[in-house]
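All remarks here apply to the structure that follows.
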């Protein structure tokens, strides 16, 4: 089946000028409730911008929100009458009508979903319009599906037949078991409700296994007229199998009352728990939600809103990102199609030893982190020293603990030392211990951290912060495998494995004589580089959901997060990495007013600065009254636009006219960017 671009293009809601600022376009995207704005120069489209592209731009330019928009260029014009197909090296297509005018757009990553929906609808419409009865059964011979023609032929509504044992409804001389073994029966006559029907029984295959039976039939006296339809239904059967064999998406179909009528494609066993695929058919989605099988009930939400819905669902042991689309007939929802993707995180849990801090899972889904975890599994059993590098907040201590847990030293202690947090005059006694009277205040002897880590692992975080003189003593400990307490001359043997970590370039510090070269090579035996969060965006969703669940449980909340909000988080650069992400999720739980963290909440938290939070004019000296008034106006207007998203809503909140806000913002912009040209505000 083929569809042209015209049938799937989305209407263009927003055109913007290339001279506009990031702030202006952000406001327009929210006002027009669209995910993309097309950039014009001389009335021609030269590119496009999205929320995520604007966020990336503000992170990479000095002008920030007041800089001119930088349009993305990876788009392509297509003729709307041409067949829709995937186009490589292109993120978005713009349709052109017969007059070469833009008629719509579509993101490439949405193409497959749209085509699948159209194909599934076409197949269902074809089945219902077929001139033969079609009934499908599960392996237990219970009715899963029957088309409208089957209802007419059998003289009974499908609601009375669906879920019942088909063997008890029709009379036949042979057993269905042979069909489950792969046989096909042709020209089989049966009696149902005093009507003689004739047709065929065929097995339904999924991934090479028989998963059910399909019965195609006519009234016997109409058989000759309907023979030509049999080949048609066979072809439809084969096409349906192509949809059912999807390996990366789960397709669930519910009727207009919220009962599950079909589930195909991938089956997420971690999401459904112990429930088998066949158990779901005929079940009410509302009842499954009540029983705690999953939440929330996206089917009910889709029917309530009478529109397409995207959200995250939590199942028995997994999480899926689902899109529910209503299928209408004569204005009423006849069924709901739910396409789901598994976004459950891969979790490696670190159990704590006696002296360790709280357990912390290593959560990831990206290919980069999966490769890193495989590397860790290979490194952990060795006795070699390890140097972990990576930006602040990427989780270096979590990885160090994972190495310890997978090593032969896991039954002994894991001692974590932050080299940058210990005062320089105390660091030697903290690391290596001291004897009584070794210095003023040493009233008793102290066992150092290296001794405490005997037979276990010592983790030296921020090792680059060690004073240069202390680096010599650490080197001796690593070479001689013994420590000497302050105030003593007796060496104490120790058996530890050292894992060091830093967010600095130690090699460069060696070249600048800030770090000893011999110590560097002692530590740099097995290097492990943890990629920053911005380079493994597939981990953002699972991490955010994990933090949300953890903080919900700790604080007694039941907050959820929308798909749109997750998309905003994924578009952010995360300079503070995982630590920053956790802090943002905690803040989102507090600032979000509803039960669901929205896209607007995510924008507000990510882009609020200290100055915005202050929100009031602070006078620290005598200034002209006129200037004070202007400054107050500027702060109030900026705060209002940031809070409400558009100049129209800002004007309403400030109880002034839209033109007043427009003039003030133009003036503020010209003062901040003199000579930068005129920027129109659209409302």
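Any read-out appearing in this document is the output of simple, stated calculations on the displayed coordinates, not a laboratory observation. In this text the structure is predicted, and so the values were computed from the model without any measurement. All Cβ positions, even for glycine, are placed from backbone atoms using ideal geometry, and neighbour counts span all protein chains on display.
Points worth noting:
- Zone of residue 590's modelled label, taken as backbone nitrogen in segment 562-584 under 14 Å from a point 7 Å along Cα→Cβ: 582-584
- Distance (nanometres) between label positions extended 7 Å along Cα→Cβ at residue 62 and residue 148: 6.7 nm
- Dividing the Cα radius of gyration of segment 348-531 by 2.2 N^0.38 Å, with N the residue count, gives 1.03.
- Note on residue 183/residue 306: beta-carbon distance plugged into 1/(1 + (r/R0)^6) with R0 of 56 Å gives a FRET efficiency of 0.80.
- Point-to-point label distance, residue 375-residue 269, nm (Cα→Cβ direction, 7 Å offset): 3.2 nm
- Listed peptides 264-274, 563-573 appear in the order 563-573, 264-274 once ranked by packing, highest mean of other Cβ atoms within 10 Å at the front.
- Volume of the Cα convex hull of segment 5-110, divided per residue and given in Å³: 94 Å³
- Spin-label model distance (nm) - residue 632 vs residue 518, 7 Å beyond Cα toward Cβ: 6.9 nm
- Considering only alpha-carbon pairs that sit under 8 angstrom and 6 or more positions apart, the relative contact order computed for segment 383-470 is 34 percent.
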